[in-house]
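Enquirer: The following block contains the structure, expressed as structure tokens.
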Amino acid sequence: MATTAATVQWIFGKYTREDLMIMDPIALRGLLHERTHHMIEVPLYPTLLKWRGRAIKSFGEQAQLCYEIWCARGFTDTAPDIQWVKKYLAIAEQIRAGEKPELDEPLPTPFTPEEMAVVNKLIYGRRSYRDYLDKPIPEEMLETIMEAGRAAPIGCNLGHLKFIVLRTSKERKMIWSDISTRSCGAIIVLCHDKRIAAVVGQDKVVPQNAGFDAAAAGDHMLLMAHALGLGGCWLSELHGEGDTAEIFKKKYGLPDYIEPDLHIILGYPSIGIIKSLRTPLKDMIIEKPQK
Ligand SMILES: Cc1cc2nc3c(=O)[nH]c(=O)nc-3n(C[C@H](O)[C@H](O)[C@H](O)COP(=O)(O)O)c2cc1C
């Protein structure tokens, strides 16, 4: 890909090329994700829909600079997130050259009745189990579950989520919970790397996103566990005295920049559970107040 970011002086008005050359690689990767997202992915589609046939000189240049420095520092070029970045950089390069990129990504289509039956089984069949057999979960299943978490929506595609799998009873005891974790398959602790949100300022402007990212990933994992014939349950984190995350961090030896956000327990349920039901939809919808 041609070098085209020669004119960029600053990123976020605070990072120069020199800063990027010495930035922690973890933070630089986060910045590359975020700049690709905000400087290409977000403005791209409105730009295409209102295409004026003119070159947009600075389109995506900040992301291009981050990528050039990423490569200059000899970092990986084949990982899926970097492939995603490269796809957008190629499109941005066309826009800077005044060429309209042609995209052939599919639009959503309704599922067939058979596919819908599977979706309904997944969404409406899932439930939270609280008693498990003392039986380990095969590693391939754990991987499938975590892959589902990896596919969940994530703010700015920041790439800051981290997963810890606690397999043994001794490890699982590091997590406080109101249900017994003595016998189960595993606990997955969903965390985020605080250095990544900090480098792009997310910790200041959208601090809630990290926890939401973990929640979205946790929900995907629970759905996949259900599809694999396993059970799962979200375990609340206590704040204040007896802070679950702080205690776990200390016991597990986590560095300060890794922040646990939530935990899910997984395993082979020992007993079926009555499916909890919700208030009717009409009671959940807030209509605009009449003046
Ligand atoms: C934010 C959150 C925290 C939760 N914390 C706990 C918990 O600490 N212990 C527990 O047994 N269940 C916990 N749950 C599971 C809920 O109790 C459960 O989702 C709810 O009762 C609805 O039941 P269902 O998941 O079977 O549909 C939590 C769920 C959420 C979304």
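Enquirer: Give a residue-ordered list of calculated ³J(HN,Hα) values for segment 84-92 (Karplus: 6.51 cos²θ - 1.76 cosθ + 1.60, θ = phi - 60°; whole Hz; x for Gly, Pro).
Expert: Running phi through 6.51 cos²θ - 1.76 cosθ + 1.60 with θ = phi - 60° gives 4, 4, 5, 4, 5, 5, 5, 5, 4 Hz.
Enquirer: Taking neighbour counts of Cβ atoms within 10 Å as a proxy for exposure, in what order, fewest first, do 140, 99, 287, 93 appear? Don't skip to the answer; put the middle values down first.
Expert: On the way: 140 9, 99 12, 287 6, 93 18.
Fewest-to-most ranking of 140, 99, 287, 93: 287, 140, 99, 93.
Enquirer: Moving on. Tell me, what is the percent relative contact order of the chain, built from C-alpha pairs under 8 Å that lie six or more residues apart?
Expert: 20 percent
Enquirer: At a Cα cut-off below 16 Å, give the lysines reachable from residue 249, other chains included and same-chain residues fewer than 8 away excluded.
Expert: 162, 170, 173, 194
Enquirer: If you take the Cα atoms of segment 17-96, find Rg, then find the Kirkwood Rh from the mean of 1/r over all pairs, what is Rg/Rh? Before the final figure, lay out each step's value.
Expert: On the way: Rg = 12.9 Å, Rh = 12.9 Å.
Checking Rg against Rh, the ratio lands at 1.00.
Enquirer: Could I ask something else about it? Based on Cβ point charges of +1 for Lys and Arg and -1 for Asp and Glu, what charge dipole magnitude is obtained for segment 121-267 about its Cα centre, in debye rounded to the nearest 20?
Expert: Numbers: 18 positive and 19 negative charges, 56 e Å.
With Lys and Arg at +1 and Asp and Glu at -1, about 260 debye.
Enquirer: Compute a Gaussian network model of the chain, connecting alpha carbons closer than 10 Å, and tell me which residue from 14, 250, 204 fluctuates the most.
Expert: The residue that fluctuates most here is 14.
Enquirer: Give the cross-link partners of residue 121 among the lysines, using a straight C-alpha distance below 19 Å as the criterion and excluding same-chain residues fewer than 8 apart.
Expert: Reachable lysines: 275.
Enquirer: Go through 179, 166, 154 and say which Cα lies farthest out towards the positive end of the charge dipole of segment 148-205; charges sit on Cβ, +1 for Lys and Arg, -1 for Asp and Glu.
Expert: 166
Enquirer: Here is a follow-up. Treating the angle as unsigned and between 0 and 90°, give the value, to the nearest 10°, between the Cα long axis of helix 139-150 and the longest Cα principal axis of the chain.
Expert: 50 degrees
Enquirer: Same structure, new question: For the chain, take the longest principal axis of its alpha carbons; what is the angle in degrees between that and the long axis of helix 25-36, to the nearest 10 within 0 to 90?
Expert: With both axes taken from Cα atoms, the answer is about 70 degrees.
Enquirer: Using Cα atoms only, what is the angle between the long axis of helix 113-125 and the major principal axis of the chain, expressed in degrees (0 to 90) to the nearest 10?
Expert: That helix lies at roughly 60 degrees to the long axis.
Enquirer: Further question on the same structure: Which listed residue (267, 192, 212) has the Cα farthest towards the positive end of the charge dipole for segment 180-291, taking +1 on Lys and Arg C-beta and -1 on Asp and Glu C-beta about the Cα centre?
Expert: Going by the charge dipole, the pick is 267.
Enquirer: Given 0.36 nm per residue, what is the gain on full extension from residue 173 to residue 109 after removing their alpha carbon distance, in nm? Don't skip to the end; give the middle numbers.
Expert: Details: separation 64, 0.36 × 64 = 23.04 nm, distance 4.55 nm.
18.5 nm is the gain from fully extending residue 173 to residue 109.
Enquirer: Treating only the Cβ atoms of Lys and Arg (+1) and Asp and Glu (-1) as charged, compute the dipole magnitude of the chain about its Cα centre; round to the nearest 20 debye. Could the numbers behind the result be given before it?
Expert: On the way: 36 positive and 37 negative charges, 101 e Å.
That gives a dipole near 480 debye.
Enquirer: Return the sequence-ordered ³J(HN,Hα) values of segment 275-284 in whole Hz as given by the Karplus equation 6.51 cos²θ - 1.76 cosθ + 1.60 applied to θ = phi - 60°, using x for Gly and Pro.
Expert: For segment 275-284, the Karplus-derived couplings read 6, 6, 10, 9, 5, x, 4, 4, 7, 9 Hz, x marking Gly and Pro.
Enquirer: Two decimals is fine: what's Rg over Rh for the chain, C-alpha atoms, Kirkwood radius as Rh?
Expert: Ratio value, two decimals: 1.03.
Enquirer: Quick one: if you stick a label point 7 Å off each Cα along the C-beta vector at residue 151 and residue 208, how many nm between them?
Expert: Result for the modelled spin labels: 2.8 nm.
Enquirer: Between 157, 209, 120, find the one with the highest GNM mean-square fluctuation for the chain; connect C-alpha pairs within less than 10 Å.
Expert: 120
Enquirer: At a 10 angstrom cut-off on C-beta neighbours, averaged per residue, how do the peptides 182-189, 106-113, 230-237 rank from highest to lowest?
Expert: Order by mean packing, descending: 182-189, 230-237, 106-113.
Enquirer: Now for a different question. Residue 19 versus residue 51, label points 7 Å from Cα toward the beta carbon: distance in nm?
Expert: Label at residue 19, label at residue 51, 3.6 nm between them.
Readers should treat all values here as calculations from the given coordinates under stated rules, not as data from a laboratory. All figures in this text were calculated on a predicted structure; none of them were measured in a lab. A quick note on method: Cβ atoms are made from the backbone with ideal geometry, for glycine too, and the neighbour counts reach across all protein chains shown.
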